[in-house]
Each structure stands twice: as structure tokens, then as C-alpha cells.
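See below for the structure under consideration.
The values are calculated or read from the model by the stated rules, or taken from the named source; none is laboratory data. These numbers were taken from a predicted model, which means no experiment stands behind them. Because the Cβ atoms are built from the backbone with ideal geometry, glycine has one as well, and the counts that use them run over all protein chains shown.
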Amino acid sequence: GPICAVAPAPVTRPEAVLFDFSGTLFQIKAYEDRIRAALPHPVDGSAMDAILTSLEAGLADPAVIGAQHARDVSSAAHRHAFTTWYASAPALAPFAGVLYDQLRSPEHWLPYADTEKTLAALDARGIALGVVSDVGWDLRPTFALHGLDRWFGSWVHSYEHATEKPDPRLFAHACAELGVAQADTLMVGDHPAKDGGAAGAGLRSYVLPGGAAPGAVRGLDAVLRLVDGPY
């Protein structure tokens with residue numbers, strides 16, 4: 001007999017939006033600034049160029065590459081991954097721990113120029129908000145420093161769950177905490193596999209194009225257009 005087509009369920013307005021952290025809502029200050037803050041002596045332009053070149057070269061070091069494996073599943077793995085990379089630059093090796101402490105410090109992170117107004121606009125629309133981040137430390141103090149923590153009803157840090165995005169359990173946990181269905185939730189991030197992978201867990205996903213500089217406009221107005229429809 002004829003095959004009966006099943007009408008797809010209508011797409012409704014999202015009830016919740018989950019956000020990635022780094023590269024989505026916040027960006028860390030430039031390495032030049034961080035290195036100057038970490039080192040106890042002045043660093044001139046040529047010395048800084050040499051340090052940045054050796055950091056870049058370190059990304060190809062087998063030991064550094066190996067240390068990145070599953071780096072976000074625990075605080076210890078995260079610290080090991082970053083300090084191994086920092087130490088691959090000889091001038092930074094004695095200060096790898098200082099640089100890592102910076103990474104965890106709220107004052108070294110800047111929200112994008114459109115982060116606050118986007119979160120406020122979503123909250124005004126009655127949208128529940130959560131953070132789902134591959135990270136090795138608690139992000140709440142960083143958001144709180146900028147007065148941005150008050151809008152979030154769920155904080156999912158990968159290291160607290162011993163796994164990384166796109167593990168469906170991370171997205172499901174956030175949705176459960178917010179009391180929303182995964183099909184009614186939008187995940188916003190900047191990593192196609194990790195954040196876009198939320199689609200595999202039944203969420204909608206929006207992946208921002210390549211990174212913007214700290215404090216720049218990120219293009220988060222696109223999230224409001226996705227939420228507003230038409231539906």
C-alpha cells in the first residue's frame with residue numbers, strides 16, 4: 001500500500017538557551033598582557049615575539065599534544081594540559097603555574113561587548129539560561145565579577161561530570177536542572193563538534209563563527225533572532 005507521510009512536529013520557540021563559556025560569552029585577555037603580568041621582569045617587543053613564537057611551536061610538541069587528550073574531564077587533567085603547554089616555551093617554564101592560575105582568575109576574562117545585553121534580553125523574554133562548558137574550574141566567580149551570574153539557573157562544568165562535550169549527559173543535565181525538554185532547548189557555542197554536537201542529544205544548536213577579540217562584539221544578536229522566530 002501507499003506509504004503514509006508523518007507530519008513533522010511543529011518547531012516551537014525555545015524555552016531555554018545553554019551557552020558555552022570561552023569564545024562564546026567571554027574571552028581571556030591577550031597573551032601579551034598575561035605574560036607581562038606573570039613575569040617578574042619587563043618583556044620588550046622582540047622578547048615577547050620570541051615567547052609567542054615558542055608557545056605557537058609548542059602546540060606541535062608531542063608531549064603537549066598528548067597532554068590535551070581528555071583535558072576537560074578533571075581539574076588535574078586540565079591543569080596538566082595547560083601547564084605542559086606553557087612550559088614548552090623555555091622563558092615561561094618557571095611561570096607555568098602562575099599562568100595557569102591566571103587562566104582560572106575571573107579578572108583575566110572579559111565578557112564580549114554584547115554578552116550582557118543578550119542575556120538580559122533573553123531573560124526579559126522568559127527564557128531559562130544555563131552554562132555548559134568544557135572547563136577545569138568553577139565559572140560562577142567569573143560571571144559574578146561582571147554581574148552576569150544572576151541570569152543562570154544551571155551550571156554544567158565538564159570536570160564535575162568526568163566527561164566532555166558533546167557527551168549527551170552534559171546537555172541533558174542542564175535541561176533537567178532548568179526543567180525544560182531537550183527539544184525545546186538551544187545550545188549556543190563556538191565549536192562545531194562540541195557545541196554543534198548538542199544536536200545529537202536532541203537539542204537545537206547554533207555555532208558562532210570564528211573567535212572575536214576580547215571585549216569585541218560577538219554577534220550574539222543572532223541568538224535573539226533564533227529565539228524570536230517566527231514560529
task: From (1) farther than 27 Å from M48 by Cβ; (2) part of a helix (DSSP H, G or I), pick out the condition that doesn't hold for F95.
output: (1)
Close pairs (7 angstrom Cβ cut-off, 6 or more residues apart or separate chains): of a type in the set (D, E, K, R) in the range 21-40, surrounded by 14 or more Cβ atoms within 10 Å (Cβ to Cβ) and in a loop (DSSP other than H, G, I, E, B) anywhere: K29/P214; R36/V43
statement: Selection from the range 107-117 of residues surrounded by fewer than 17 Cβ atoms within 10 Å (Cβ to Cβ) and either part of a helix (DSSP H, G or I) or of a type in the set (V, I, T) (or both) yields E107, E116, K117
- line: In the set D221, D123, the lone residue that is of a type in the set (D, E), under 19 Å from F26 (Cβ atoms) and touching a Phe, Trp or Tyr at 6+ places or on another chain (Cβ under 7 Å) is D123
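In this structure, is L103 part of a helix (DSSP H, G or I), under 22 Å from E160 (Cβ atoms) and either of a type outside the set (S, T, Y) or not assigned by TED's automatic domain parsing to the domain that holds F21 (or both)?
Yes, satisfied.
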- request: Look through the range 155-198, keep the residues that are small (G, A, S) and over 17 Å from the mean Cα position of the chain (by Cα), and return whichever of them is surrounded by the most Cβ atoms within 10 Å (Cβ to Cβ).
  value: A172
- prompt: Considering R125, R104, which residue is basic (K, R), at pLDDT 95 or above and surrounded by fewer than 16 Cβ atoms within 10 Å (Cβ to Cβ)?
  reply: R125
statement: The condition from (1) closer than 17 Å to L226 by Cα; (2) without any contact (Cβ under 8 Å) to a residue 60 or more places away in the chain that E160 misses is numbered (1)
- prompt: closer than 30 Å to A47 by Cα, within 19 Å of the chain's Cα centre (by Cα) and among the hydroxyl-bearing types (S, T, Y) - does that describe any residue in the range 124-134?
  reply: no
message: Filter the range 63-75 down to the residues that are assigned to a helix (DSSP H, G or I) and either in contact (Cβ under 8 Å) with a residue 24 or more places away in the chain or farther than 22 Å from G136 by Cβ (or both) and list them by number.
response: A63, V64, R71, D72, V73, S75
task: Tell me which of these T83 doesn't satisfy, since it passes every other one: (1) polar (S, T, N, Q); (2) closer than 24 Å to S154 by Cα; (3) in contact (Cβ under 8 Å) with a residue 12 or more places away in the chain.
output: (2)
